[in-house]
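Below: the structure, in structure tokens.
The values are calculated or read from the model by the stated rules, or taken from the named source; none is laboratory data. Computed from a prediction, not measured in an experiment: that's the story for all the values here. Positions of Cβ are generated from backbone atoms using ideal geometry, with glycine treated the same way; all protein chains shown enter the neighbour counts. Protein only, heavy atoms only, side chains kept; ligands, DNA and RNA dropped before computing areas. Shrake-Rupley method; radii C 1.70, N 1.55, O 1.52, S 1.80 Å.
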Amino acid sequence: MPVGPAPRLTASRRRWRRRVLLTLLAPAMLQISPVGAAPFAARATASDPPTGDNATVDLTVAEEPLIRGTGIRWSIAPWRWAGSVSLDVRRVRGETGFSTSSGVITGDIDFASYVWQPWFIQLRGGVGLVLDRSRSSGGDSSAASGSGRGFTARAGVSVFPASRFPFEARFDVGDSRAGGETLISHFRTLRLGLSQSWTPAVGNDNWRINFDHSRVSGDNGVGDTLTALAGNGILQRGDHHFDLGANWSVNSRKETDDKTQQALLSARHAWQDNKGLAVDSVASWNDLSLRLGSDGSRLSLDTRLIQLSTVASWRPTPGQWLYDEAAPLVVTAAVRVLDSNTGTGGISQGARNFSLTAGASKEFSREWRGNLGLSLNRLDGSGGASSSVAAITGTLVHMPAPVTFGQWRWTPSAALNLSLSDAPEGGQRTVVGLQGAHGVNRSWVPFDGQSVGVNVSQSLAVLHESPAGNMSRGVSHSAGMFWQGGGERGQTAASLTVSDSRSYAEVTGQYQFANLQVTHRTNLSRYQSLSANLTLQASRSDVEQLDAFTGQRRLTSDGWQRYTSGTVSFESQRVFGVPRLRFTSVLTLNSQQLERRSAGDFDAPLERVTESLEARLDWVVGRLDTRLSARLVRIDGRMVSALAARAVRRF
């Protein structure tokens with residue numbers, strides 16, 4: 001943004017602004033010839049006459065001439081247009097004392113039409129002009145003032161929008177000052193999108209391809225570019241179902257020279273017959289490339305992952321061998337091939353894994369169930385290193401019917417696991433495990449329209465490994481409470497879950513977790529409503545390790561990790577009894593901000609806002625929209641407050 005006093009308008013600038021005004025008003029002054037309908041050629045005949053022995057019409061009569069259509073008329077319908085002029089006054093203040101006052105004038109005009117017929121080609125577009133003047137002071141910088149300008153533009157074309165093969169092209173140039181989307185910095189955005197779909201006249205097949213390109217540039221030197229290409233197809237051929245997909249995206253940042261590139265190819269085939277046999281196969285290829293940091297300390301990471309898998313399952317149907325309605329049987333088999341390669345700093349490491357598994361699950365009764373499985377695994381690593389393991393596993397599960405004590409229900413369960421494995425490099429290994437769990441729960445209705453639920457559970461596990469003779473023990477406790485209440489005006493629900501897990505072996509560890517969720521929606525009155533959706537979560541993991549040099553056990557912990565997310569909003573649609581005078585207050589919390597644009601999200605916010613409290617007062621009178629807003633946010637760890645007033649006149 002240029003700094004300094006606003007210069008006088010020269011003759012060249014006056015001519016330039018007249019040209020801009022003419023551009024804004026051009027669609028309204030277009031003289032377009034009227035559109036004429038053009039029917040396709042058709043035969044004007046009645047129903048076919050009878051033939052054969054019952055023929056009563058002379059078939060030698062000459063056919064009636066075809067009705068000729070006028071064909072496609074490449075003329076544009078009269079333009080429909082609308083526009084707006086808005087005035088914004090804003091004041092932003094940071095926690096360091098830095099403040100900025102600005103005034104923004106925005107003019108927009110949108111227009112739409114079609115070629116020949118609305119179902120043939122639809123056209124839409126728009127242009128806008130942004131003028132602003134600002135003054136900054138305080139903080140570590142001296143007082144400064146300046147003015148700036150910007151353009152916005154929109155264009156789109158849809159070809160056969162209601163057909164089986166619609167095509168759409170979109171182009172948009174935006175300015176964050178036009179809509180007040182940002183607080184600290186101004187961003188200019190450019191986006192181009194193309195999409196093409198196709199669906200056959202008969203069948204459930206569907207194909208679609210999309211191309212999107214987005215560029216963001218800020219006045220503070222920050223900016224990035226995101227380009228993505230995606231395609232997918234769905235085919236149905238009898239009992240066979242096919243899913244095909246391809247995605248590619250690249251994101252590069254201007255200020256840090258970071259670059260992220262992702263590519264994915266996937267194919268899935270599913271088949272199921274009427275005899276209980278189902279087969280599902282998936283093939284995928286993933287490639288990720290990261291370039292982070294400057295030239296002096298640049299980090300390069302390249303990861304490639306190829307996976308092939310086929311899973312088959314069979315459940316006997318009535319009339320087949322081994323079918324038993326009271327004790328169903330399920331047989332499964334799976335084959336997986338995984339190839340991975342990771343390169344960092346010029347060092348590449350790769351691995352390839354082959355696995356074959358087969359198993360059967362049988363319900364002997366409502367209380368007893370058994371599983372038996374066989375697995376073969378082979379791992380080939382870098383440098384020619386390889387290992388293979390063959391294992392047989394068996395599980396016996398006992399889940400008796402719940403026992404009631406008054407209004408409480410007690411649910412016990414037990415499981416016995418046995419695993420025999422043979423590794424040529426490591427010899428034979430036997431693992432025997434015993435797990436037991438039980439829990440009590442109760443739900444009741446203390447008042448009309450309310451329900452409360454409580455559950456407490458405990459799990460114990462013992463694992464013995466031979467021939468090493470290692471013994472591992474574990475214990476876990478969890479508790480939860482759920483409350484829900486509602487009435488004619490709204491509904492509220494809240495749930496609290498806490499858990500604690502501890503393991504005792506050569507390495508001792510513990511894990512704690514707590515989660516609180518609250519949802520609320522109520523109509524306070526005819527014109528007032530309140531809604532909330534809040535999540536609070538905390539977790540901690542501690543691991544005790546043995547120091548090989550001192551023989552002492554050391555406790556490593558990353559401490560409590562906290563996460564907050566939610567929205568609380570209040571709305572009044574008639575403030576002080578004034579029609580169309582609306583008040584809205586919104587509190588938004590999100591303690592974890594992810595790099596969404598680097599992951600391919602085009603709609604990611606331009607500023608990293610973790611906390612926001614906003615109050616808005618809107619009043620609509622005819623074609624005049626006014627807004628007064630106050631906002632307190634935390635952006636990149638800095639608190640910023642803003643006060644803004646806006647008036648928009650639509651025409």
The convex hull of the Cα atoms of region 430-513, divided by residue count, gives a volume in Å³ per residue of 83 Å³
A 1.4 Å probe over the protein heavy atoms gives region 77-234 a carbon and sulfur accessible-area percentage of 60 percent
In nm², the average projected area of the convex hull spanned by the Cα atoms of region 279-427 is 15.8 nm²
Filtered hits (aspartates and glutamates, Cα-Cα < 13 Å from K254, offset >= 8 within chain) -> D219, D224
Counting only protein heavy atoms and rolling a 1.4 Å probe, one gets per residue an accessible area for region 243-295 in Å² of 57 Å²
At R0 = 25 Å the Cβ-Cβ FRET efficiency linking R336 and T303, nearest 0.05, sits at 0.85
For K275, counting only lysines whose alpha-carbon sits under 21 Å away and dropping same-chain residues fewer than eight positions off, the answer is K362
Here the FRET efficiency for W560 versus R135, based on Cβ atoms and R0 = 45 Å and rounded to 0.05, is 0.50
Each label sits 7 Å from Cα toward the beta-carbon; between S195 and N210 the label points are separated, in nm, by 0.6 nm
Computed over region 359-440, the distribution of all Cα-Cα distances in 10 Å bins, rounded to whole %, is 15, 32, 25, 16, 9, 3, 0
The simple spin-label model distance between E614 and L288, using points 7 Å out along Cα→Cβ, in nm, is 3.2 nm
Probe 1.4 Å, heavy atoms of protein chains only: per residue, the accessible area of region 456-545 in Å² is 60 Å²
With all protein chains present, region 334-432 has a carbon and sulfur share of its accessible area (1.4 Å probe) in percent of 62 percent
Out of S284, V311, N274 - ranked by how far each Cα lies towards the positive end of the dipole of region 273-329, with unit charges on the beta-carbon of charged residues - the top one is S284
Once both label points are put 7 Å beyond Cα along the C-beta direction, the H241-T310 separation in nm becomes 2.0 nm
To the nearest 0.05, the calculated FRET efficiency linking L396 and A326 through their beta-carbon distance, R0 being 22 Å, is 0.75
